[in-house]
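Here the structure is laid out as structure tokens; the discussion comes afterwards.
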Amino acid sequence: MGVKRLRSIFMRYILIVAVGVLCIIFANIWIYMTAIKTDVIYSTVEVEKIVNEVKEELQASSGFSSNAIPSFVEYAWFDLNGNLKQSSLKSSDAELLWESCIVNQKESERPYRFSLVKQENDIIILRYRFTAQFSNPIFRKIIPVADLFAVIVSLIEVIVLLFIISCFFGKYTGKKIEKLLTVTQKIKEQDLDF
């Protein structure tokens, strides 16, 4: 009877942990999907869609306005000879971007992707992270990859869950063990009136 009781206690503990972890996973997936639907987080598909729309808009226009560029996209505006006209990057980074995108014809360089906009007399290079990211610029600066943030938060929640359940489990089994120790002590003292 004692072994079966102890086994059921451990099985209950494992079941509570498993159900708790599943609840955390499903809750976080629901929160993440809601954040994507409400544009709190841009999915990678949405990021690519927005960049393509900006690219088409810039190709159709003859001029350039930095207001057309979304906050999560960095840009460098060059003439056809590679002279920098304007950039959201430091000039040294813009020159490296020209080197990577035009000279070496790269479409990406970790952690960024490039999109090339050719106008009549200008070339605009758009640089962006191809990851899910927060729409809020402040959050995006602190946490550049929303997926990683979601995973880290989930792990922290699981650790907290394990800690809380372990505390309750420890108290519960501690009371049971205390009773066993009391009985063992009485038997040792040959006090069999319990």
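Using Cα pairs closer than 8 Å and at least 6 residues apart in sequence, work out the relative contact order for region 101-194, in percent.
The value is 12 percent.
Using just the Cα positions, wrap region 1-93 in a convex hull and report its mean projected area in square nanometres, one decimal place.
10.5
So, in Å, what gap is there between the alpha-carbon centers of region 1-54 and region 129-154?
Cα centroid to Cα centroid, the span is 17 Å.
Please report, as a whole percent, how much of the solvent-accessible surface of the chain comes from carbon and sulfur atoms (probe radius 1.4 Å). Mind dumping the intermediate values first?
Values: 8370 of 13400 Å².
Answer for the chain: carbon and sulfur cover 63 percent of the accessible area.
Pull up the cross-link candidates among the aspartates and glutamates for residue 179, meaning alpha carbon to alpha carbon under 19 Å and not fewer than 8 places away within one chain.
Correct list for residue 179: 189, 191, 193.
Students often check this: by mean Cβ neighbours within 10 Å, which of 72-82, 9-19 ranks highest, and how do the rest follow? Intermediate values should be presented prior to the final figure.
Details: 72-82: 16.6, 9-19: 12.1.
Per-residue Cβ counts within 10 Å, averaged per peptide and sorted highest first, yield 72-82, 9-19.
With r as the distance between the Cβ atoms of residue 158 and residue 91 and R0 = 45 Å, compute the FRET efficiency 1/(1 + (r/R0)^6) and round to 0.05.
Values: r = 46 Å, r/R0 = 1.01.
E(calc), rounded to 0.05, equals 0.50.
222 nm [θ] for the chain, helices only, -39500 (n - 2.57) per DSSP H run of 4+, per residue, to 500?
Helix contribution divided over all residues of the chain: -20000 deg cm²/dmol.
Grab every C-alpha pair in region 84-194, bin the distances at 10 angstrom width from 0 up to the longest one, and report whole percents.
11, 22, 17, 11, 9, 8, 8, 6, 5, 1, 0
Which order do peptides 109-122, 158-171 fall in by mean Cβ count within 10 Å, highest first?
Working: 109-122: 13.9, 158-171: 12.2.
Going from most to least packed, we get 109-122, 158-171.
Between residue 112 and residue 31, how high is the FRET efficiency from 1/(1 + (r/R0)^6) when r is the Cβ-Cβ distance and R₀ = 25 Å? Nearest 0.05.
Working: r = 28 Å, r/R0 = 1.10.
Working from the Cβ atoms, E equals 0.35.
Using Cα-Cα distances under 8 Å and only pairs 6 or more residues apart, what relative contact order does the chain have, in percent? Please report the intermediate quantities before stating the final value.
On the way: 178 pairs, mean separation 43.7, N = 194.
Once normalised by length, the contact order is 23 percent.
What is the calculated FRET efficiency for residue 139 to residue 104, with r their C-beta to C-beta distance and R₀ = 41 Å, to the nearest 0.05?
Once rounded, the FRET efficiency stands at 0.80.
The values are calculated or read from the model by the stated rules, or taken from the named source; none is laboratory data. Keep in mind that this is a model prediction, so the values were computed, not measured. Backbone-built Cβ (ideal geometry, glycine too); neighbour counts: all protein chains shown. The protein model used for the area step is the full one, side chains on, heavy atoms only, and it has no ligands, DNA or RNA in it. Shrake-Rupley method; radii C 1.70, N 1.55, O 1.52, S 1.80 Å.
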